[in-house]
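Student: What follows is a structure written as structure tokens; I'll ask about it next.
The values are calculated or read from the model by the stated rules, or taken from the named source; none is laboratory data. Since the model is a prediction, treat every value here as computed from it, not as a measurement. Here Cβ is always computed from backbone atoms with ideal geometry, including for glycine, and neighbour counts include all displayed protein chains. Side chains included, ligands, DNA and RNA excluded: accessible areas come from the protein's heavy atoms. Shrake-Rupley method; radii C 1.70, N 1.55, O 1.52, S 1.80 Å.
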Amino acid sequence: MNASSTPTAAPPGEHFNFAQHLLSCNSQRESKAAFIDDQGTLNYGGLAERVRRVASGLRALGIKREERVLLLMHDCSDWPVSFLGAMYAGIVPVAVNTLLTADDYAYMLEHSRAQAVLVSGALLPALTAAMTKSDHEVGKVIVSRPVAPLHPAEVEYETFVQAQSPLNKPAATSPDDPGFWLYSSGSTGRPKGTVHSHGNPYWTAELYGKGVLALTENDVCFSAAKLFFAYGLGNALTFPMSVGATTLLMAERATPDATFKRWLGQIGGLKPTVFYGAPTGFAGMLAAPSLPARIDVALRLVSSAGEALPAELGERFKRHFGVDIVDGIGSTEMLHIFLSNFPDRVRYGTTGWPVPGYDIELRSEDGGPVPDGEPGDLYIHGPSAAMMYWGNRAKTRETFQGGWTKSGDKYVRNDDGSYTYGGRSDDMLKVSGIYVSPFEVEATLVQHPSVLEAAVIGVPDAQGLTKTKAFVVLIAGAQATEAELQAFVKDKLAPYKYPRQIAFVTDLPKTATGKIQRFKLRELESAAP
């Protein structure tokens, strides 16, 4: 089944540098706060100057157009300055996850052939370990907010910035020139270097940031998802800068208490009007003793992505705060959300409707269309699709197919044109010859008042037939039995879907974005005696 929509934004011109585009959008807002982090405020005028200084400094290091620099930083105002500074110079920033190991960074240094690294002082030990075990090409390490004395090959970020005169003009890039890389999560193998163009973030900002979320310069944005994620990059940098809004940045992990401090204006004095989170985080917030009252927050809009939002969780959040959670799905490959609920049209339990500017198709295993109500593989056609996976032709061809991007997700199209998530294609189960969505069972389990989180996998029974097994995390202090939860699911779903086994656990394996890693549960189950 196909759903079509038409772009509403004008395409960028033949010559287009995304960093310069964002600076131009805010040339009349010099005194307005662009980013507020734990150490202070950076206004738009100061941001523009620092971006151009970083661009000049990277050029002075001898780094050429389209060569890469690794960006390994916690969320602070130096992050957008570094990212945009590289793009302004036509150099390609490679934004990487701050939660990885030295082995991961060693691979990324070699794979990207990064010529320099911009790194937070707290992350310098991990980078140093990676550099000692990799055959890298790094010529200079630039350290933001160092926490220890630097070595001769390292330079302090502020010293680096102030030593340069601002670059007079941006690199003469086009919308189709390589702009930046993001690495995929690598949950099934080595992470893939996903190459995005200068034009891609323009489209996500126009079609989703403006077109769906209707952000304005009056908004204060705060994202639990970090800037190195595709989701967080749009939330906290490209979307707010496209309209002249203010962004709150947080270097620390987005725990409920740390999040609530920002919601209550305790950092920087401003309360966010727009919050971007993920279902795991929302569940933790609603269960936290420090949960603020509705009257204490300024939220007008809440966005969710990263994993499908259980209906019960969205409804509980709405009851407490009076604000809907606008759930959607995006990907590293498509850069941001392409299928979404809308602020004025929310149907909990679904991922919503196609974002205008994107086409959606559900295909069967043989590539044909599937009727409404039946699961199919999700394909997307839209202007923000990545150019390729660097150095991985086979995966590029498998994912990017003639203008369409294969998401790896299963979905069902409903009668009203909305789409319901069925799980990752490799997570789907066949029980009694019928497809069962792990997410559907999980979403039912979390409706039980004692359940905080749940993950479902398929396990073979004594006859070798696949049955469902649930791993359940209970709310602190709550109790439930296996039989009780099984009966609860049977009462709400078809009988063959209920979990034949339930294991109570203290936590679930997740990616850095909060997605449940069912493959790790399958590995543990396979290794069990």
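Student: Pop the C-beta distance of Ala527 and Phe504 into the FRET formula with R0 = 22 Å and round what comes out to the nearest 0.05. Please report the intermediate quantities before stating the final value.
Tutor: Values: r = 19 Å, r/R0 = 0.87.
So the FRET efficiency works out to roughly 0.70.
Student: First measure r as the distance between the Cβ atoms of Val346 and Thr41, then evaluate 1/(1 + (r/R0)^6) with R0 = 30 Å and state the FRET efficiency to the nearest 0.05.
Tutor: Working: r = 34 Å, r/R0 = 1.12.
Once the sixth-power term is evaluated, E becomes 0.35.
Student: Kirkwood hydrodynamic radius, computed over distinct alpha-carbon pairs, for segment 239-322: how many Å, to one decimal? Provide the component values of the computation, followed by the final result.
Tutor: On the way: mean 1/r = 0.0741 Å⁻¹.
One decimal place: 13.5 Å for the Kirkwood radius.
Student: Just the accessible area per residue of the chain, please: how many Å² with a 1.4 Å probe?
Tutor: 40 Å²
Student: For the peptides 279-286, 112-119, 500-507, what is the packing order when you average, over each peptide's residues, the other Cβ atoms within 10 Å and list the highest mean first?
Tutor: Values: 279-286: 21.4, 112-119: 24.1, 500-507: 14.0.
Ranking the peptides 279-286, 112-119, 500-507 by packing returns 112-119, 279-286, 500-507.
Student: Over the chain, what is the relative contact order in whole percent, taking alpha-carbon pairs under 8 Å and six or more residues apart?
Tutor: Reported as a whole number, the value is 12 percent.
Student: Another one. What does the convex hull of the alpha-carbon atoms of segment 143-294 project to on average, in nm²?
Tutor: Details: hull surface 53.0 nm².
Averaged projected area of segment 143-294's Cα convex hull equals 13.3 nm².
Student: For segment 360-495, what ratio Rg/Rh do Cα atoms give with a Kirkwood hydrodynamic radius?
Tutor: 1.05
Student: Projected area of segment 249-398, taken from the Cα convex hull and averaged over every viewing direction, in nm²? Mind showing how you got there, number by number?
Tutor: Values: hull surface 45.8 nm².
So the mean shadow area of the Cα hull is 11.4 nm².
Student: Using a 1.4 Å probe on the protein chains only, how many percent of the accessible area of the chain belongs to carbon and sulfur? Spell out each step's value before the answer.
Tutor: Numbers: 10520 of 21000 Å².
C and S fraction of accessible area: 50 percent.
Student: Viscosity 1.567 mPa s, temperature 4 °C: give me the Stokes-Einstein translational D for segment 36-159 in µm²/s, with Rh taken as the Kirkwood radius over C-alpha pairs. Intermediate values should be presented prior to the final figure.
Tutor: Details: Rh = 14.4 Å.
For these conditions, the coefficient is 90 µm²/s.
Student: Still on this structure, please answer the following. Which value, in Å to one decimal place, does the Kirkwood hydrodynamic radius take for segment 96-208 when every pair of different Cα atoms is included? Walk me through the intermediate numbers first.
Tutor: Numbers: mean 1/r = 0.0622 Å⁻¹.
For segment 96-208, the Kirkwood estimate is 16.1 Å.
Student: Would you compute, for the Cα atoms of segment 270-315, the largest minus smallest coordinate along each principal axis and list the three values in descending order, in whole Å?
Tutor: 29, 22, 15
Student: Rank by packing, highest mean first: peptides 206-216, 50-60, with packing defined as the count of other Cβ atoms within 10 Å averaged across residues. Write down the numbers at each step before the final one.
Tutor: On the way: 206-216: 20.8, 50-60: 23.7.
Packing order, densest peptide first, comes out as 50-60, 206-216.
Student: Can you divide the C-alpha Rg of the chain by 2.2 N^0.38 Å and report the result to two decimal places?
Tutor: On the way: Rg = 23.0 Å, N = 529, 2.2 N^0.38 = 23.8 Å.
Normalised Rg, Cα atoms only: 0.97.
Student: Pairs Lys406/Lys492; Lys226/Lys271; Lys140/Lys226; Lys271/Lys515: which exceed 22 Å Cα-Cα? Working shown, then result.
Tutor: Numbers: Lys406/Lys492 32 Å; Lys226/Lys271 18 Å; Lys140/Lys226 25 Å; Lys271/Lys515 27 Å.
Correct reply: Lys406/Lys492; Lys140/Lys226; Lys271/Lys515.
Student: Could you quote the convex hull projected area for segment 328-429, Cα atoms only and averaged over all directions, in nm²?
Tutor: Numbers: hull surface 27.5 nm².
For segment 328-429, the mean projected area of the Cα convex hull comes to 6.9 nm².
Student: Divide by every residue of the chain the summed helix terms, -39500 (n - 2.57) for each DSSP H run of at least 4, and state the resulting mean residue ellipticity at 222 nm, rounded to the nearest 500 deg cm²/dmol. Show your work: numbers first, answer last.
Tutor: Values: 16 runs with 138 residues, N = 529.
Computed ellipticity for the chain at 222 nm equals -7000 deg cm²/dmol.
Student: Give the distance, in whole Å, between the Cα centre of segment 123-190 and the Cα centre of segment 459-522.
Tutor: After rounding, the separation between the Cα centres reads 42 Å.
Student: Stretched out fully, how many nm does the piece from Thr101 to Phe519 gain, at 0.36 nm a residue minus the Cα gap? Kindly include the intermediate steps, with their values, before the conclusion.
Tutor: Values: separation 418, 0.36 × 418 = 150.48 nm, distance 1.97 nm.
So the chain would gain 148.5 nm between Thr101 and Phe519.
Student: Any chance you could tell me what percent of the C-alpha pair distances in segment 455-525 go past 13 Å? Mind showing how you got there, number by number?
Tutor: Working: 1709 of 2485 pairs.
It works out to 69 percent of all Cα pairs.
Student: Can you say what percent of the DSSP beta bridges in the chain, counting only those with both residues inside, are antiparallel? Round to 5. Write down the numbers at each step before the final one.
Tutor: On the way: 50 of 87 bridges.
Counting DSSP beta bridges with both partners in the chain, the antiparallel share is about 55 percent.
Student: Considering the Cα trace of segment 339-381, what is its radius of gyration and what is Dmax, both in angstroms?
Tutor: 11.8, 37
Student: Of the peptides 474-485, 38-49, 301-312, how do they stack up when ordered by the mean number of other Cβ atoms within 10 Å, highest first?
Tutor: Details: 474-485: 13.2, 38-49: 17.6, 301-312: 23.9.
Answer by packing, highest mean first, reads 301-312, 38-49, 474-485.
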